[in-house]
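Derivation of every value follows stated rules applied to the coordinates shown; laboratory data play no part. Since this is a predicted model, take the numbers as computed values, not measurements. Cβ sites come from the backbone with ideal geometry, for glycine too, and all protein chains shown count toward neighbours.
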Amino acid sequence: MGLRTVIIPLDFIAARHKMKDESRTKEQLINELKELRRKIARLETSEAELKQAAKTSLLDDKSHTEAILAAIGDGISIQAVNYRILYQNQTHKDLFGDHVGEFCYTAYRERKDVCEECPIAMCFKDGRIHKVERNLISDTGILHIAVTASPLRNSKGEIIAGIEVTRDITKRKMAEKELDLERQQLLSIFESINEVVYVSDPHTHEVLYTNKASKDLFGNVVGQKCYKAFQNLESPCPFCTNKHIFGRSEGQPYIWEFQNRINHHWFRCIDKAIHWPDGRMVRYEMAIDITDRKLSEGALVESEKRYRTLAEAAHDMIFIIDSEDKVQYANSFAAQSLGYSPEDIIGTPRETLFPADTTSRQRSFLQKVFKNGAPLYSESETQFKNHKLWIGTMLVPIKDEGGEVNSVLGISRDITETKKAEEAIKKSEEKYRMLIENIQDGVFIIQDAKIKFLNEAFAKIIGYTAEELVGIDIQKLIAPEDLDIVMDRYQQRLAGRDVPKEYEFLMLHKDGVTRVIVNMLVGLVDYQGRTASMGTVKDVTEHKKMEAELQKAQKLESLGILAGGIAHDFNNILTAITGNISLAKMYAQPGLEVFDILTEAEKASLRAKNLTTQLLTFSKGGIPVKRLSSIPKLIKDSCSFALSGSKIKCEISSPDNLWPVEIDEGQISQVIHHMIINAQQAMPEGGIIRVKAENITADAEHPLPLKGGKYLKISIKDHGIGISEEHLAKIFDPYFTTKQEGSGLGLASAYSIIKKHDGHITAESKLGEGTTFYIYLPASEKKIPIVKDTGISSASRGKGKVLVMDDDDTVRLVVGRMLGQCGYEAEFAEDGDKAIDLYKKAKATGQPFDAVIMDLIIPAGMGGKEAIKRLIEIDPDIRAIVSSGYSDDPVLSNFKEYGFKDAMAKPYEIAELRQMLHKVISGI
């Protein structure tokens, strides 16, 4: 078991614990324990005698000692000097099982000799008390226990046995771990901040913590007074901010600036009251060094002088045009290019410096900048005094304090050579264009981070035409979340470093919202005498969606493995609960308080049943038990139940000729219930939910991700708040929810259920307009049979013998009581072997069983699947019902193929049991 128990003396136990038997005094109890020790001492001559003496003594005094030991919440055991277990109290048995008479090292560790570091062995060796701590793996997880061992001596002082006390310290250990984790997380956050951070006690002004940045600047000042450590003062700072962050403003940050007295740096401080891990409120401060900013403000005038010098030295034409279309400033290069001196140009109307056609284009560009207040780049062929040049001009608005554009800064550059180069590129690339345009993958050439060449396939991937993308900065086409890595690899590649040539990233569609996943293969080429990147891109968005769908399915399957096991055991417990409640209600009159209490308990257990149904849906046990069904009534019942007591109305429409479907009615009802609940929660002010059922055929007109054929389509539409596009892609993921309350299992359950019905579920939504869910279920060619009235009521009683086979004692007990109430005589078997034996004997005596209820899976023995084969050999006409809390096995959904007359899922109530037995025994 990986655990050693620990022993303490009985008189130590009596002294430290309150006894449950209050009729005897403490002195009497101690005297009784001393008498017990004397009896053990008299039998110390041999190992056999010692064991017999200990056992006899314990048995003789059982009535006395049990009251003492049972009152102690710790586990108690007594071991002989040969390590044989002489006694365990109930708490000890609950922890480790009943091992009285066994050697401890065999019982707990399956060893042949004494364990290393055994506390009992150590106390036998040196006669002292020994304490150790151990970890124990249990059904609920890891238990932390503290064990104490002490020797038991006879009147001669010789050790004749040892006593162990085992105490569960799991909660204490978890609390210590959580407190330490909380502290480490808080400090790790502080350490990750590159600015000065410290925490101080607001009452004592003691520094409790400083991060690395603070230590680098001020040294390790933890334990010192904050005013001394950071300001070199002998008393609290006159500008102390405690009054701003505690009291009424507690929890609100206080932001201020000051110059430090020690290093004369300027800091911008953010102070706030926070909870320290030990529970007290403390002062937190983050001080951001703004010394550089303060210095830069002082150097603003000098900066302006430098910029003017740079402008004058630039080989670009730099000018400023005011709102009256006059030249407010022109650098020397601009004046020289126009054939004037700067002094001659200042104040001159712009239109007098250029020919009429040039000034007209310039006026159009300038008017746009004045009107829109945004930069504008233009290229045009411009006539100067003695020559004509291609000029590229960037116009930037200059705004006053009110935000109005009062002038425009222009920077013009001669791009004549660039234009010639571009023309040469067009001519040289023409012969390759036809080939490139016929390639389905996108082809591109990028130079200076701008697209110099691309084919139509590249443009089509992101919704543009090729003409729109020539010359555009590639950064504008990359999704922000991938921009850094793509541009870093671009620069690294140009620098000759080894970076991946093929990788995936997100590009932005022309609509500015849609992300397109592309796979890019890229390398370096020589383009017009300079290095450029050339490569191909392929749209892999749909491929990634398929991969995501597969991962979603795998995620549900993994979750199901765990969920199925939990639900199976829980349904056994619910069977006992719901069965006993239904029995108890038969003894209570409607209208009495006890009847109402039982009814509420019954409702609660049914809600628990719904939860297990959701869990089973994720597991292999969620395989639907399908029956031919009609949808309209199921929709009506599900909507009525979900909207009971609410101000939401539900409008249901369906044609009379609606096709039937083969479904698990419980599971599909659960799906519709979740859809209606979601719609209700989306309309807190009330409204109408519209549910529509209709026949469709999956074909070219109605394409579905399903095989062709007839389907039943259910639409559930609300007019609520809607779902964002970001969340819409995740709504069917397990545990995804945007609600403060809820498990996040509802829509994931629905997805799994519909998938296991070979159907499809999807949703469409717009924020502020509402959401519509669409469910598609395969239609059946079968016709729903007309159900005859069996004539059986809830008060009807049956007659006959029923054999119940189940390995759970509580299930056998409650089913037996329900059978008795239904008029049947019940016999029980805990596994298949016992059931076969009882069935043979009953048949041989001429009093055979009228029906058999068999649990499908019995871990420790023969289950229903194996037992029915043997029973059919004995009686081919056997009327057997398979029952289980786990519907994974095909037996439950295909019970007739295995020889059963019907199937019944746990938990079930007395009414369901009565109906099932009547149906099976009467052969309806």
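Multiplying the sequence separation of Lys649 and Gln475 by 0.36 nm and subtracting their Cα-Cα distance, what value in nm do you get? Can you show the working numbers first?
Working: separation 174, 0.36 × 174 = 62.64 nm, distance 5.10 nm.
Length gained between Lys649 and Gln475: 57.5 nm.
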Nitroxide proxy distance, nm - points 7 Å out along Cα→Cβ at Lys131 and Lys371
8.6
Once fully extended, how much extra length lies between Ala449 and Thr348, figured as 0.36 nm per residue of separation less the alpha-carbon to alpha-carbon distance?
32.5 nm
So which aspartates and glutamates can Lys710 reach, going by Cα to Cα under 14 Å and dropping same-chain residues fewer than 8 places off?
Glu662, Glu694, Asp699, Glu701, Asp758, Glu781
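Given R₀ = 25 Å, what would the calculated FRET efficiency be for Phe595 paired with Glu685, taking r from the Cβ atoms and rounding to 0.05? Kindly include the intermediate steps, with their values, before the conclusion.
Working: r = 37 Å, r/R0 = 1.48.
Using R0 = 25 Å, I get an efficiency of 0.10.
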Relative to the compact globular guide of 2.2 N^0.38 Å, what is the alpha carbon radius of gyration of the range 368-510, as a ratio?
1.31
Placing each pseudo-label 7 Å from Cα in the direction of the beta carbon, Ala421 and Lys385 end up separated by a distance in nanometres of 3.0
Measure out, as a whole number of angstrom, how far apart the alpha-carbon centroids of the range 231-247 and the range 346-368 sit.
62
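Taking the range 631-778 on its own, what percent of its Cα-Cα pair distances exceed 18 Å?
Numbers: 6091 of 10878 pairs.
Taking all Cα-Cα pairs of the range 631-778, the fraction more than 18 Å apart is 56 percent.
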Show me, for the range 76-83, the HN-Hα J-couplings you get by feeding each phi into the Karplus relation (A = 6.51, B = -1.76, C = 1.60, θ = phi - 60°), rounded to Hz, glycine and proline as x.
10, 9, 10, 10, 6, 5, 9, 6
Say the cut-off is 29 Å between C-alpha atoms; which of Lys843/Lys896; Lys215/Lys294; Lys717/Lys919; Lys545/Lys717; Lys544/Lys766; Lys326/Lys450 go over it?
Lys717/Lys919; Lys326/Lys450
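How much length is gained if the chain between Arg817 and Lys112 is pulled fully straight, taking 0.36 nm per residue apart and subtracting their Cα-Cα distance, in nm to one decimal? Write out the running numbers ahead of the final one.
Numbers: separation 705, 0.36 × 705 = 253.80 nm, distance 4.78 nm.
Value of the extension gain: 249.0 nm.
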Using 7 Å Cα-to-Cβ label points, what is the Glu764/Thr291 separation (nm, one decimal)?
6.3
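How would Lys865, Lys215 line up from fewest to most surrounding beta-carbon atoms within 10 angstrom? Numbers along the way, then the final one.
On the way: Lys865 21, Lys215 14.
In order of increasing Cβ crowding within 10 Å: Lys215, Lys865.
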Quick one: grab the alpha carbon gyration tensor of the range 299-414, order the square roots of its eigenvalues as a ≥ b ≥ c, and give me rounded if a/c is under 1.5, else prolate or oblate depending on whether a/b is larger than b/c.
oblate
Could you tell me what fraction of 2.2 N^0.38 Å the Cα radius of gyration of the range 175-296 comes to, as a two-decimal ratio?
1.06
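What FRET efficiency comes out for Ile274 versus Met174 if R0 is 30 angstrom and r is the Cβ-Cβ distance? Round to the nearest 0.05.
Details: r = 24 Å, r/R0 = 0.80.
Plugging the Cβ-Cβ distance into 1/(1 + (r/R0)^6) gives 0.80.
What is the calculated FRET efficiency for Thr465 to Glu701, with r their C-beta to C-beta distance and R₀ = 30 Å, to the nearest 0.05? Please report the intermediate quantities before stating the final value.
On the way: r = 32 Å, r/R0 = 1.06.
After rounding to 0.05, the efficiency reads 0.40.
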Counting only other residues whose beta carbon sits under 12 Å from that of Glu250, what net charge do I get with K and R as +1, D and E as -1?
+3
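Translational diffusion coefficient of the range 800-922 at 10 °C, 1.306 mPa s, Stokes-Einstein with Kirkwood Rh over Cα pairs, in µm²/s as a whole number.
Working: Rh = 14.1 Å.
After rounding, the answer is 113 µm²/s.
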Starting from the Cα of Lys156, draw a straight line to each of the lysines and keep only those under 21 Å, dropping any in the same chain fewer than 8 residues away.
Lys34, Lys39, Lys51, Lys55, Lys125
